[in-house]
Amino acid sequence: MSRPEAGNRAVAADPRAPHRAIEPGSRSCCCPSEPVAQVVLAPIGSRAHEIDLLLCAHHLRRSAPTLTSSKVAIYDRVGKLIEAPAKVFGRDR
């Protein structure tokens, strides 16, 4: 979540801190599959709040290079930070 600061500016939460868990029964934003990860998009420009995207394993793997280069925070089902999204849910583990 965002935290207001002086000047009414929003600041993204610390990406290393645990994030809230994905709620049971949730569905991915991209397809009807069960989500395995949350991508947290930090506030920018006129959007003063974070946006959480819920991704299934397939879409997480396919999006991993772009997400990694964008330096967004990615969390697993229980809210633990994922450092290498392509490998966590990939077929090479």
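The values are calculated or read from the model by the stated rules, or taken from the named source; none is laboratory data. Keep in mind it's a predicted model, so treat the numbers as computed, not measured. In this analysis, Cβ positions are derived from the backbone assuming ideal geometry, glycine residues included, and neighbour counts consider all displayed protein chains.
Which of the residues that make up region 32-54 are surrounded by fewer than 16 Cβ atoms within 10 Å (Cβ to Cβ) and assigned to a loop (DSSP other than H, G, I, E, B)? Hits for region 32-54 are Pro32, Ser33, Glu34, Pro43, Gly45, Ser46, Ala48, His49. Can you tell me which residues in region 41-52 are within 21 Å of Ala21 (Cα to Cα) and either among the small types (Gly, Ala, Ser) or at pLDDT 95 or above (or both)? Answer for region 41-52, where residues must be within 21 Å of Ala21 (Cα to Cα) and either among the small types (Gly, Ala, Ser) or at pLDDT 95 or above (or both): just Ala42. Condition check for Arg61 on (1) at pLDDT 95 or above; (2) not in a strand (DSSP E or B): one failure, at (1).
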